[in-house]
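The values are calculated or read from the model by the stated rules, or taken from the named source; none is laboratory data. Note that the coordinates shown come from a computational prediction; the quantities given were computed from them, not determined experimentally. Neighbour counts run over all protein chains shown; Cβ positions are idealised from the backbone, glycine included. Heads up: the accessible areas ignore ligands, DNA and RNA and are worked out on the full protein's heavy atoms, side chains in. Shrake-Rupley method; radii C 1.70, N 1.55, O 1.52, S 1.80 Å.
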Amino acid sequence: MHLLSRSVSNTSLRAHSFWLSFALIPSISASSSSSFSSKCRAEPISVPSQPPPVPKRVPFTLSLHGHSWQDPYHWMRNTNDPDFLNYLNQENSYAQAFMADTGSLQRTLVAEMKNRMPSKVSTPVECFGPWLYYEYIPEGKEYPVLCRRLQTNKPGWAEKILSYVKAEFRREEILLDWNEVAEKHGYVHVGQCRISPDHNFLAYTLDATGSEQFMLQIKDLRNGCIIPMAPVNGVVSLAWAQDCKTLLYTIADENQRPYRHISSLVLCTKLEPGNTDDTLVFMENDPSYCVDLTSTKDGKFITVYVVDATEPLNGLQRVHERVSGVQYFLEHHFGFFYILTNAPMKENINCSHEGLYLARCRVGDIQSTTWQNIFYPGEDTCIQDMDIFNGHLVLFLNKDGFPMICSIDLPINVDCKHQMLIEDLNPWFFPIPSNSCSIEPGSNLDFMSSVYRVVLSSPVIPDVIVDYDMARRTFSIVQQEEVLGAPSNARSCSSGYELDTLQQHGIEKDAKDKNVELERWKDFSSTYCCERKEVISHDGIRVPLTILYSPKAWKSSQSPGILHGYGAYGEVLDKSWRVDRLSLLDRGWVIAFADVRGGGGDDPSWHKTGNGLLKQNSIHDFVSCGKYLIDEGYVQRDQLSAIGVSAGCLLIGAALNMYPNLFHAAILKVPFLDILNSLLDPSLPLTMLDYEEFGNPGIKSEFECISSYCPYKNIRPRGCHPSVLVTASFNDSRVGVWEAAKWVAKVRDSACSSCSRSVILTTNMSGGHFGEGGRYIQCEELAYDYAFLVKAMGVDMN
């Protein structure tokens, strides 16, 4: 996955980029002919009396590979043009008028969503060194507050007296309040937070405009003051050295491109009086790469190449010569590097599997060709990530398309000579609640801990925080998201049944799982049905489709539905719990998720067969899933809608062009729609990085492929068009605001006069790619989205 991409992260405490993991804020997410009716709406929806805005057209011709095309809205690329600003404001006014008759419904939906949310929410404390760290959202506030307090180590009367004497020193400390930043600047996005190894300093990156030009700030936690320093903008990642006074960071230029268009820079700053000049540590000269920094779990090394964290200015050590497509992820454990890599295995050159495997070498042998391959997953298993502790190695796996996680005791036999199977390492597979469950790691910062914290979630299981004791091989539920006013028949699920799902994949229960029948989590599977289907795509490939509905409210072939899709960068489509969905599910709606090619899947091939020259596979997959929902009676034939975000809008926009009668309505959020023209402009932030994902139009074959599906280029002339809500942000640095504006203007040019009036554009004139993100603000945004779909599809919400 790219360091920068057009993806949109989940808006939760996880998205606030500290380490505590609990969703305090709900996240959001062929032929043109078909068998579906091509009639315009029999009962047109109400539209404003005034016509929609008409922007100016300025002739502009582009030519490449013997092809020429017109782009009369190319001028919108100049966001400083007063005509463009005026046009966006007119579109906002038209959208407001269009949605005026949904005000009552929006208020009802907002009230329902807020009434299901507890007034105060917090994460459980997490031990890191001598401190307990946690976050909470104050009552009535939008954003979290990061806090800590000293932990009490020993119980008993002596400790009680000592606690009383030292109460002042164990008071709560507020480290960072997102609300204060938002109130000061009107916008807040904290990119990274890193506590120094001695816990005296907090380094974090702050975006107060939505442009993602993150500013570095360092706070002295002993006095609560921000350390004065020369402004450093465009910071991407951070890592502390072991002396706790040296911070390494990477920077990008004001366009989010590798610095000065020729390189990425890694610099080092010293927290010393009079220090004004930061030291250059590393320069990346290839503009098609970005540089990311991270520390090994034990803090002994910083990886960009390999930097000794005790002497960060004494040079870098390269892991291996750079090869396109080959990845290395390093962790350190008592003199050994444990490495996840997909580098070709010299002793097994006939292996066709392209996924990651686990290798190991001594620190001094990092550049040798004699790494020890510990184990290679089978054809039905894919390693996705790892974590490491003093006594345990944690592996995230995907087996037969389902997520799994296990721990392996360390150290592994140093003298083993042969590559092993994972079963040879005596793994403990963590009990999880269901096959449809997503697994997100907690922060897990303490290298010496034997407890691993994860957040489990599914479409019918509210986020549950679970601590897995890897030494005792037991687990405990720490906290589960509270849902107020939830159906009374929500059941408590024992993990005993869920362990049986491991056996279905050829994994035996562990005899040491002593408390599997004692721990329970609440789920809503008795109220809401969550089904996983496999849909046959155009080329015979089976595409996973997750379908969520209420058996009580749903009516076969009579219910409205929403189909979500993304299909880019190898990202897995988010299907975790969202309380706002209940407002639709309880009214009979179906909500479905299409895991199309190009997104995350069983192994890397799922991504590769849906990007570049094969991008159309993801579009056909999405269309096939939409047809399946209708053909199988899940959704009424003229009541299917689609939602896409960022690069996911390529999927939706192309599908609307190819099958305009399949979807009755759509929502495109911060949409990437003008892919051809954008990838022809190397000055844009992500263009060169996106050549790997979508192709380089400078190459004729890739130009022809991109041209064939580009949503902006392929808008059908003189035809009917689904109702569409398009949302954009003026300061978006990943997807230019002009992409949404150009697409809407061109649809209005091309669609019939009736349909074009139900395509609306709303632009946040101060936000960025990730929106506002506040806890209650999101309720209002979601209510607006849902109200649009209700109006566009003529659904009775009573």
- line: Note: among ASP415, ASP500, just one is modelled with pLDDT under 80, of a type in the set (D, E, K, R), surrounded by fewer than 16 Cβ atoms within 10 Å (Cβ to Cβ) and not in a loop (DSSP other than H, G, I, E, B), namely ASP500
message: I'm trying to understand the selection: among the residues of the range 778-796, which are more than 30 Å from PRO717 (Cα to Cα) and open to solvent by 20 Å² or more (accessible area, probe 1.4 Å)?
response: GLU780, GLU781, ASP796
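Grab the helices (runs of 4 or more DSSP H) fully contained in the range 672-713, keeping just those with 2 or more residues being within 25 Å of the chain's Cα centre (by Cα) and at pLDDT below 95. Step through it out loud before you land on a result.
On the way: elements: 675-679, 687-694, 700-709.
Ranges flagged: 687-694.
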- prompt: Which of the residues that make up the range 245-296 are modelled with pLDDT under 75, outside any loop (DSSP other than H, G, I, E, B) and of a type in the set (S, T, N, Q)?
  reply: SER264
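Do the conditions hold for SER46, that is, is it more than 34 Å from the chain's Cα centre (by Cα) and under 20 Å from LYS713 (Cα atoms)? Spell out how you get there, then give the answer.
Working: more than 34 Å from the chain's Cα centre (by Cα): yes; under 20 Å from LYS713 (Cα atoms): no.
For SER46, the condition - more than 34 Å from the chain's Cα centre (by Cα) and under 20 Å from LYS713 (Cα atoms) - is not met.
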message: Could you tell me how many of the residues in the range 577-629 are of a type in the set (A, V, I, L, M, F, W, C), over 30 Å from ILE675 (Cα atoms) and either open to solvent by 10 Å² or more (accessible area, probe 1.4 Å) or in a helix (DSSP H, G or I) (or both)?
response: 5
- prompt: How many of the residues in the range 527-556 are over 24 Å from GLY610 (Cα atoms) and either in a loop (DSSP other than H, G, I, E, B) or open to solvent by 60 Å² or more (accessible area, probe 1.4 Å) (or both)?
  reply: 9
task: Check whether at least one residue in the range 773-788 is closer than 18 Å to THR209 by Cα and assigned to a loop (DSSP other than H, G, I, E, B), and report yes or no.
output: yes
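Only residues that are of a type in the set (Lys, Arg), open to solvent by 20 Å² or more (accessible area, probe 1.4 Å) and at pLDDT 80 or above: list them for the range 320-366, please. Before the answer, list the steps.
Of the residues in the range 320-366, the ones of a type in the set (Lys, Arg) are 322, 346, 360, 362.
With the extra rule that they be open to solvent by 20 Å² or more (accessible area, probe 1.4 Å), the set shrinks to 322, 346, 362.
Passing the criteria: ARG322, ARG362.
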message: Condition first: closer than 19 Å to SER46 by Cβ and buried (at least 23 other Cβ atoms within 10 Å of the Cβ). Can you find one or more residues in the range 763-777 that meet it?
response: no
- prompt: Of everything in the range 742-758 that's surrounded by fewer than 23 Cβ atoms within 10 Å (Cβ to Cβ) and outside any loop (DSSP other than H, G, I, E, B), which residue is modelled with the highest pLDDT?
  reply: LYS746
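Per-residue answers, yes or no, for (1) modelled with pLDDT under 95; (2) among the aliphatic types (A, V, I, L, M); (3) closer than 30 Å to PRO197 by Cβ; (4) out of contact with any helix residue (DSSP H, G or I) (no Cβ under 9 Å at 6 or more places or on another chain):
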{"residue": "SER434", "(1), (2), (3), (4)": "yes, no, no, no"}
{"residue": "SER438", "(1), (2), (3), (4)": "yes, no, no, yes"}
{"residue": "SER450", "(1), (2), (3), (4)": "no, no, yes, yes"}
{"residue": "VAL454", "(1), (2), (3), (4)": "no, yes, yes, yes"}
{"residue": "TYR468", "(1), (2), (3), (4)": "no, no, yes, yes"}
{"residue": "ALA471", "(1), (2), (3), (4)": "no, yes, yes, yes"}
{"residue": "GLU482", "(1), (2), (3), (4)": "yes, no, no, yes"}
{"residue": "ALA490", "(1), (2), (3), (4)": "yes, yes, no, yes"}
{"residue": "SER494", "(1), (2), (3), (4)": "yes, no, no, yes"}
query: In the range 297-319, how many are surrounded by 17 or more Cβ atoms within 10 Å (Cβ to Cβ) and in a strand (DSSP E or B)?
result: 6
query: Which one is most open to solvent (accessible area, probe 1.4 Å) among residues in the range 379-412 that are modelled with pLDDT under 90 and not in a strand (DSSP E or B)?
result: GLU379
statement: The residue from LEU725, LEU680, LEU689, LEU676 that alone is of a type in the set (A, V, I, L, M, F, W, C) and surrounded by fewer than 18 Cβ atoms within 10 Å (Cβ to Cβ) is LEU680
query: Is the range 696-703 home to any residue that is under 25 Å from PRO53 (Cβ atoms) and not aromatic (Phe, Trp, Tyr)?
result: no
